[in-house]
Every structure is written in structure tokens, then in C-alpha cells.
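Worksheet: the structure to be examined is printed underneath.
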Amino acid sequence: MMAQSSIKKNHIDIILQHRRRTKTIRYCLYALLLLLVLWSIEITIIKDTDWERIGGLGTILKGIARFFPPDLSLIKYLFKPTVETFMIAFLGTMLAILLAIPVVWFGAHNITPSRAITYPIGRAAMTLSRSVHEIVWALIFVSAVGLGAFPGILAVSMRSIGFISKVSAESIEDVDRRPIEAIKAVGGNTFQVILFGIIPQVIPVFIGNAIFQWDINIRRATIMGLVGAGGLGLTLERQLLMYNHQGVTTVIIAILLIITLGEIISYYARKAVI
Amino acid sequence: MKSDKKENFRSSIHTTLSDPPRTWSRFKYPQSLIRYILYLVIFVFVVYSLEYLNVPVGRFFTMFGRLGDMMTKKYYPPDTSYILNKDYLRYVLETVQMAYLGALFGILFSIPISWLASFNVTPSRRWAYPVGRFIIMACRSVHEMIWTIIFVIVIGFGMFPGVIALTMFSIGFAGKLFSEEVEAIKLGQVEAIRSTGANPFQVFVYAVLPQVRVAWTGISIYTWDSAFRAATVLGYFGAGGMGWYLKESVERLETLRVSAILLSIICLVVVSEVASAWARNKISKMK
């Protein structure tokens, strides 16, 4: 016991020294972060803002007051775009599910047809789809297929492929190996292994994520109209162009309602799947 | 009841022995019926919404050719000199700063909000919990672009409205994940601290924060990553940053510049994603 403690004393010294060093490093890091924040605040907020236009608190409050009360006469025009938004999100998610299947197949390390060629393609597709913002996708598709709900559907689906396929590919990669071996043992080929050994294991994850994405896609679909695809965004854009800020509030309330509805549905749907 | 079950079981054995089903199926009668009805409903809804939205489905297949045509003819040699000039690079830096500040403020605000909005540690389930939930819900459901438009209207063009919009976005994003993390903690420590007579604030600082610190750090990095992704296009609606250049080029139909800007956005986002994945990986290993 005594001998042990004398050996350990040395250890403790080393640990204390190490701790002191990490503490210094940590405080330096904090100071650096603080400086970075101050610098960013100086450039983005202090220098780049037109403080005279903002004026005092009174003008800001006046600016906010322009949004109230909500313009209730708009309600009767909101029904159709709300339904459209809902449908854009729904169709976008459906298309994303279809398009995600090959991406998952390519991008999951253990079932990809060729690790040298198709695996990087699948991974790149996932990253590309997630990294480009839905507004950019919408701009691309509006110029490719014209105005209307169709580019909105495509943009929404392109944006959600990445998430669905990334999570599903990860769950395929740590799938339980025993059913696969069992199917191989009875003479199943690769296709049968995937169909009967892997898909039943990952389908709840896949569907759960698709529902989750559907929920987010409603959010995305609400802004598709801002760049020329249909839905509630188009109504919002129209109100903005008319400087009818009270109408903007009404549209935003409609958006809140539709998203709350979507969240409730997706909560119960996910509960039913998992 | 019991004998009934037995009878049923016996008869099922009997039928299987005498008449084995030709193919194996995963779902038996009532389940399979519900399943087919569900598929049918989804299919009908798809067709109906395609009809309702007037979607030219035929164009989906010709789209690829046109897209490829467009990419090669109009967008192809991206104007790289445009994205490498000094002004543009300064805007890129400003975008990074905007995202950084927005995410930082959002995370700072969402710490108290997620405290209110976690059901297990909230100071009052009657009023604080719904208030916290509502704030997170409202921030989350209004898209960041709509926040930008609102703040641009209220306080004018520039990066400040962008920062505020990203703050709102990050409150919704981080607040939800933060409170989910808090709702999954072990309540033993909370009980222990509470039994020493601590008030709710002390309980939060000494029992909750140490448990969620690592997870929250990871979430914060993820929030920054998402905020940056959003920040690249915030300028499209009047907040500062690269999005402003994007709007300018799109409206002037300078497609080569548009493709160059898109390229730069993709590169930057991929870099930030790789960095954030690396950092999150490192942090989760520290746990």
C-alpha cells in the first residue's frame, strides 16, 4: 500500500501538470473565441448596419407594429395555397423516398455494388443534396422546368434525399449480420440477401426518417413560392410586393398552423411505424 | 376462453399440415389488409395531388436532357475569376461571421429556453413548459428565409437582420435538440441536488448541465454548420453575405457567374460539413 502510494505520487504530479496545461490552453481558446466574436460583431453588426435608418426603439416598434393586426380578409384566399403546400411536401417526400433507394444502395459500404466506383458516387450524392440549400435547388429547377408546383416538388425532394439516405445507409452499415448469413447459408444470392436480410431490418428507420423529412419538407415547401414555385410562399411574396404587411402576418399564422398539424401527424405516424 | 384458444391453435396446425401455404408472407390477414389499404390511400393521394397541382409528369423524364443541356451550354465554364476576386472573398468571410454570430446568439438564448422547455427539469410545468415549447415551435416552424424577410422589413438591409434571422433559426434548431437531450438525462443527480435544498436554477447548473455538456457541444457545432448552410443564401432576401451576389447574378442572367457562385457555396458547405463532422466525432470520443 505504502509502496503503491509513493509510486502514485509521481503519477499525480504528472496528472496535475497535465491538467494545468490543458486549463491554460482552454482559457487561451476562450479568449480567442471572445476576440473572434467581438471582431465579428464589429464587422457585421456595428459597421454594416444603417443605424440611422433603424433609429431608436420607437421606430423599431413602429416597424413591428406594421405587421399587426393580421389581415383577416385574406383567409379565404389561403385555403388553396395551404393545400398546395401540403401536397408539395407530400409529393416531394415521396419522390425523395424513390430517389433515395439507389443512393442508399450505392452509399452503404457493405452492400454497394463496387466500393471503388459506386460508393463515392453515393456519398457524393448525399453530401451534394444536403449541402445545397433548398432555395438554390428551387432556382435551378425553376430555370429547368418552368414555374409552378413542379420545381418546388423537385427542389424539396432533392434537399431531403441526402438526409434520408445518409441515416438509412448508416443503419444498413451496422445491420445485424446473422440473418444475412442465414440467407446466404440457404443459397440466397446478393439480391435476395438485400431483399430478405437487410431491408426488413432497416425499413422502420427508413420510413421513420421519411416521415421526419416530410415534417421538415412542409417547412421548406412554405418558402418555395418565394422563388417562383407554388404554395404559400407565392401568397407571401404577393403580400410582400403589395407592402401588405398585415397580410404577411396572416400567411405566417397559416404556416404555423400547417406546420403544427404536420408535426402532430408525423408524431403519431412515427409512433405507429417504430 | 383457454380451450377456445387451444382449439384454434390445433385447427391451425391441422390446416397447415393438410394444406401448406404456397408462399411465405410476412404479414397475416388483418395486418396485410390494413397495409394494402394504406398503400392504396397513399397512391390515390399521390395521383390526386399530381392532378390538383397540375404537375406535368411527362416533363420529369425530359427534364434531365434539358438540365444537362442547360448545364453544359449555359452554365458550363464557371466564371472562377469572379469568385476569386477580393470583394467576393470578403463577402464569404462576412457570411462565415454572420453564421457564427447567429449560431452563437441562438445557442446562448436556447440554453435558458431549453431549460424551460424540458419537461423533467422545467421550473414550472404549468406555465414555463408551454412558454418554452411555444418559443421553440414558433422559431422552428417559420423558415429562416421568412425570418430574414421580416427582419429586413423591420430594420433594413445589411448583415444585422441576417444575424437575427439566424439567431431565430438556431433557437428553433438547437433548442429542440437541447431539450430532447435534457429530457433523456438521469434524474438521480437531479434528486440529489434538489434534496440538498437547491433552487431550480442551481439544480440546472449542478445536476443537468454536467450531464448534457458533451452532447450540447456536439449539437452546437451542428447548429453552426446548419446556420452556415442557411447563411449562404440569406443574402438572397436582403441580408448580407454571398446570397446577395447570387441574387444579383441570377437577376442579371449571368449564368456563368451563377454557376461559379453555386460551386463556391457547395465547396464551402462541404468543407464546413467535414470540419463539423470531424469535431463532433472528436467530442463524442471525449465522452
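Less than 5 angstrom separates the built amide H of B:Gly158 from those of B:Gly240, all sequence-distant by 5 or more or on a different chain.
In this Cβ point-charge picture (+1 for Lys and Arg, -1 for Asp and Glu), region A:72-273 has a dipole of about 40 debye about its Cα centre. Cα gyration tensor of chain A, axes a ≥ b ≥ c as square roots of the eigenvalues: rounded (a/c below 1.5), prolate (a/b > b/c) or oblate? Oblate shape, in that a/c is at least 1.5 and b/c is the bigger or equal ratio. When B:Trp224, B:Trp278, A:Trp137 are arranged by Cβ crowding within 10 Å, least crowded first, meaning fewest neighbours, the order is B:Trp278, A:Trp137, B:Trp224.
Between rounded, prolate and oblate, where does region A:64-107 land on the alpha carbon gyration tensor, with a ≥ b ≥ c its root eigenvalues, rounded for a/c under 1.5, else prolate if a/b exceeds b/c? Oblate shape, in that a/c is at least 1.5 and b/c is the bigger or equal ratio. Computed packing ranks the peptides A:14-20, A:66-72, A:254-260 as A:254-260, A:66-72, A:14-20, most packed first, by mean other Cβ atoms within 10 Å. Listed cross-link partners A:Lys47/B:Lys86; A:Lys23/B:Lys176; B:Lys74/B:Lys247; A:Lys271/B:Lys176 are compared with a 22 Å cut-off, the Cα-Cα value being larger for A:Lys23/B:Lys176.
Cβ crowding within 10 Å, taken as a proxy for footprinting-reagent exposure, orders B:Asp79, B:Asp87, A:Asp215 from fewest neighbours to most as B:Asp87, B:Asp79, A:Asp215. Whose amide H sits under 5 Å from the amide H of A:Asp71, counting only residues 5 or more places off or on another chain, with H placed in the peptide plane? Hits under the 5 Å cutoff: A:Gly247, A:Thr249, A:Thr250.
What the phi angles of region A:243-251 give under the Karplus curve with 6.51, -1.76 and 1.60, with θ = phi - 60°, is a coupling list of 6, 8, 5, 5, x, 4, 4, 4, 4 Hz, glycine and proline written as x. In chain B, the calculated helix contribution to ellipticity at 222 nm averages -26500 deg cm²/dmol per residue, counting -39,500 (n - 2.57) for every DSSP H run with n ≥ 4. Peptide B:150-161 has a mean shielding of 6, counted as Cβ atoms of other protein chains within 10 Å of each residue's Cβ. Per residue of chain A, the DSSP helices (runs of n ≥ 4 H) give a summed -39500 (n - 2.57) that works out to -26000 deg cm²/dmol at 222 nm. Since only A:Trp137, B:Tyr29, B:Val142 are under comparison, the one whose Cα sits farthest along the positive direction of the charge dipole of the protein assembly as shown, derived from C-beta charges on Lys, Arg, Asp and Glu, is B:Tyr29.
Summary of the geometry: region B:223-287 and region A:237-251, compared by the centres of their Cα atoms, lie 28 Å apart.
Could you tell me which of rounded, prolate or oblate describes chain B, using a ≥ b ≥ c as the square roots of the eigenvalues of the alpha-carbon gyration tensor, with rounded for a/c under 1.5 and, failing that, prolate when a/b is larger than b/c and oblate otherwise? Oblate is the answer for chain B, as a/c is 1.5 or above yet b/c matches or exceeds a/b.
Computed from the coordinates by the stated procedures, all read-outs in this text should not be read as laboratory data. Just so it is clear, the structure is predicted and the values come from calculations on it, not from any experiment. Positions of Cβ are generated from backbone atoms using ideal geometry, with glycine treated the same way; all protein chains shown enter the neighbour counts.
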